[in-house]
Amino acid sequence: MTDATIDVEASERLEIKADADVVKVRQATRNLATKAALSLVEQTKVVTAASELARNTLVHGGGGTARIDLVRSNQRGGVRATFTDHGPGIPDVNLALTEGYTTGTGLGLGLSGSRRLVDEFDLRTEVGGGTEVTILKWGR
Amino acid sequence: MVDRVPILRIGDALLVSIQLDLQDQIAVQLQEDLAQKIVDTGARGVVIDISALEIVDSFIGRMLSSIAGIAKILDAETVVVGMRPAVAITLVELGLYLNDVRTVLTVERAFAVIAERSEGAALLSKLDDQGHDEVGPDDVST
């Protein structure tokens, strides 16, 4: 997702420390998705994915940050969101991405589900070093 | 202090209209408040209006399922009303089918579902009161 042809037109950076911050991430994602001219269904999908990942950052990562970008490439608008924490990291990424796998608090749909809702999904994690997840959704 | 979602009583039913962007803690509080209110009022149904919700993620979806489960154990039926089409599309793609939650499109239909259930219960208790002999033979004897 470091493709050089992607221009960032606007950015918002948010701390994720409490429940209320998850709501703020949703609102910021919705705001930029509207500006990127995503359809209502595309907006709803990317906001839902951002909500899942922001909650993961809070619950599993012990808090962190979200950066949400309005991006453009070849006239096409999109939203990119990056979630970073310095929590325990994910020991088995394949397992974590398996639908229905859960550490006990949820339905196990957070990671696998949000991956299905977006066009690009990138997960970097290191045990003891934290986790960074980036998603990107393009308008049609 | 955490905000609360108001719960209104209308006849045999409780009506909850979620008007704010739901924080996880408020959703958990709503679950507890509803359980208490069902017991306090003897409500036969719970109508949850989510027409103002722009998204339902896995946490909120799970909350709807568990409210339905709790209400069922407490002898009340839960009906979720007014899901936006984009929300339905997203939920299914997320993998959340809400199989255990009754959904309808309008509040009128939700109350009709609950009224049917209440009438059914009322009829049964009437049968019990009267004793089976005195009711029309064709209806009961078999």
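Nothing in this text is a laboratory measurement; each read-out follows from the coordinates by a stated rule. Keep in mind it's a predicted model, so treat the numbers as computed, not measured. With ideal geometry, Cβ positions are generated from the backbone for all residues, glycine too; neighbour counts draw on all protein chains shown.
Expected output is a single nm value to one decimal: the length gained when fully extending between B:Val92 and B:Leu8, i.e. 0.36 nm times separation in residues minus the C-alpha distance. What is it?
On the way: separation 84, 0.36 × 84 = 30.24 nm, distance 3.00 nm.
Between B:Val92 and B:Leu8, full extension yields an extra 27.2 nm.
When Rg is the radius of gyration of the Cα atoms in chain A and Rh is its Kirkwood radius, what does Rg/Rh come to?
We get a ratio of 0.95 for chain A.
Determine the gain in length on full extension of the stretch A:Glu99-A:Ser39; use 0.36 nm per residue of separation and subtract their C-alpha separation, reporting nm with one decimal.
Details: separation 60, 0.36 × 60 = 21.60 nm, distance 2.66 nm.
Contour length minus Cα-Cα distance gives 18.9 nm.
Nearest 0.05, what FRET efficiency do B:Asp100 and B:Glu32 give at R0 = 22 Å with Cβ-Cβ as r?
The value I calculate is 0.70.
Given the rule -39500 (n - 2.57) for each run of at least 4 DSSP H residues, summed and divided by the residues of chain B, what is its mean residue ellipticity at 222 nm, to the nearest 500 deg cm²/dmol?
The helix-only estimate for chain B comes to -16500 deg cm²/dmol at 222 nm.
In percent, how large is the relative contact order of chain A, given Cα pairs closer than 8 Å and 6 or more residues apart?
27
Rounded to the nearest 0.05, what FRET efficiency do B:Asp75 and B:Leu20 have when you use their Cβ-Cβ distance and R0 = 22 Å?
Working from the Cβ atoms, E equals 0.15.
My understanding is that a pair violates if its Cα-Cα distance is over 21 Å; which of A:Lys24/A:Lys45; A:Lys45/B:Lys72; A:Lys24/A:Lys137 do that in this structure?
Check vs 21 Å cut-off fails for A:Lys45/B:Lys72.
Can you give the net charge of the other residues whose Cβ lies under 13 Å from the Cβ of B:Ile7, counting K and R as +1 and D and E as -1?
Details: positive: B:Arg4, B:Arg9, B:Lys37; negative: B:Glu32, B:Asp33, B:Asp40, B:Asp49.
So the surrounding residues net to -1.
So what's the gap between the Cα centers of region B:13-68 and region A:52-125, to the nearest angstrom?
First find each Cα centre; the distance between them is then 26 Å.
So for chain B: antiparallel DSSP bridges make up what percent, rounded to the nearest 5?
Bridges in chain B are about 25 percent antiparallel.
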